[in-house]
Amino acid sequence: MAFTVFSACHSLDFARCSLPPATGTNSRSFISASHLRFGCRQDFLVPKCRKKKGPFPLEATVERAVGEQSEKMAHADEDECELVSRLELTMGEGDDKIDAYLVKAMKNNNGSAILLLTDVFGFNNNDTRDFAYRLSCFGYNVLVPDLCQGIPWSKDRPKSEYEDWRAGHPSERVEKAISTAARWLKEEIATAGTPKKLGLLGFCFGGGRVLEVLARDTEQLFATAVSFYPTRFEEAVAETIYVPILLIAGEKDDLCPSEKVQSVARQIKGSKAHIYPDRGHAFAHHPSSDDDEDAEKAFAAMKAWFYEKLVSCS
């Protein structure tokens, strides 16, 4: 039986769909941006519901994830992970077409949206998707675009091939993918009627792109950002960033010198840098164990930052 996401007359009132929510369903359909709005408290997957046309047609795999939270999240008293929607999306047209992964909070949705820019291992990486899911459990809607265009870096490849691989992902194409995803999120926020700006989050390669995106954000789409151990960026970008950011890095990270991170934080009003002693690269989203204390502290710092800048101030 085919299922689609259904929105009743752009009202955010899903109670009109009398059928009970489906579980364990996985199907493909075209869904307009207005059907994925963040302001609602509950969503249903409804059999044979009519699809509406919208300005941003998406090809989406819709999957209902109920009660799949990890054990460590089950002990967090403020989260409600019972209802989280996960969608595989294709957005944009022509050369701007990209794949993306959306994790949408459903039971405790706070109306805030965050664009997550990945490391070189791409948007299909399990650790990255788990991180996005955990963040969504606290009420956020997290969009993860495929910045690697289907060809992420692999740990199995020789390091001698890395620069050639990077050359196959020119900055112009990465910027275009980020722009496409950001425009889509902007439309989502506008359709939901939520007067909020977006949050920006990135790891490693994506962390460096966070700084570049903010430096050229002339439309002021983003209210704040968190950048984990950013790589390949110039300190000069701080001169044109006007929103507060949180930077997180390890003291012994050869790819992201802590002095450079602290220098950037000092140049941007309201920003902070958290440096974790004796930690190297990627410790927060690729933790060494499930009970990595520093990884948990970094996650908590990020969560508190987004709550203060995106939720409590609205």
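Cα-based count: Lys pairs in the stretch 131-274 below 13 Å, eight or more positions apart or different chains?
4
To the nearest whole percent, what portion of all C-alpha pairs in the stretch 141-212 is separated by more than 21 angstrom?
Values: 911 of 2556 pairs.
So the portion of pairs separated by more than 21 Å is 36 percent.
Pairs of alpha-carbon atoms within less than 8 angstrom and 6+ residues apart define the contacts here; what relative contact order does the stretch 147-288 have, in percent?
Relative contact order for the stretch 147-288 comes out at 17 percent.
Counting pairs of Cα atoms in the stretch 170-215, how many percent are more than 18 Å apart?
33 percent
Give me a comma-separated list of calculated 3J(HN,Hα) values for the stretch 85-97, in order, Karplus coefficients 6.51, -1.76, 1.60 applied at θ = phi - 60°, integers in Hz, x for any Gly or Pro.
For the stretch 85-97, the Karplus curve yields 9, 10, 9, 9, 10, 10, 10, x, 9, x, 5, 8, 5 Hz.
To the nearest 20 debye, what charge dipole does the stretch 268-314 have about its Cα centre, counting +1 at the Cβ of each Lys and Arg and -1 at the Cβ of each Asp and Glu?
480 debye
What ranking do 138-147, 100-109 get when scored by the average of other Cβ atoms within 10 Å per residue, highest first?
138-147, 100-109
Which of rounded, prolate or oblate describes the stretch 92-192 when judged by the alpha-carbon gyration tensor and an a/c cut-off of 1.5?
Because a/c hits 1.5 or more and a/b fails to exceed b/c, the stretch 92-192 counts as oblate.
Over all directions, average the projected area of the Cα convex hull of the stretch 115-268 and note it in nm².
Working: hull surface 38.1 nm².
Averaging across all directions leaves 9.5 nm² for the Cα convex hull.
Which Rg and Dmax, in Å, describe the Cα atoms of the stretch 126-172?
In order Rg, Dmax, the Cα atoms of the stretch 126-172 give 14.3, 42 Å.
If you count, for each residue, the other Cβ atoms within 10 Å and average over each peptide, how do 161-168, 229-236 line up from highest to lowest?
Ranking the peptides 161-168, 229-236 by packing returns 229-236, 161-168.
Per residue, what volume in Å³ does the Cα convex hull of the stretch 193-313 take up?
Convex hull of Cα atoms, per residue: 101 Å³.
Read-outs throughout are calculated quantities, based only on the coordinates presented, and are distinct from any laboratory measurement. Keep in mind that what you see is a predicted model, and the values were worked out from it rather than measured. Every residue, glycine as well, gets a Cβ built from its backbone with ideal geometry; the counts of neighbours run over all protein chains shown.
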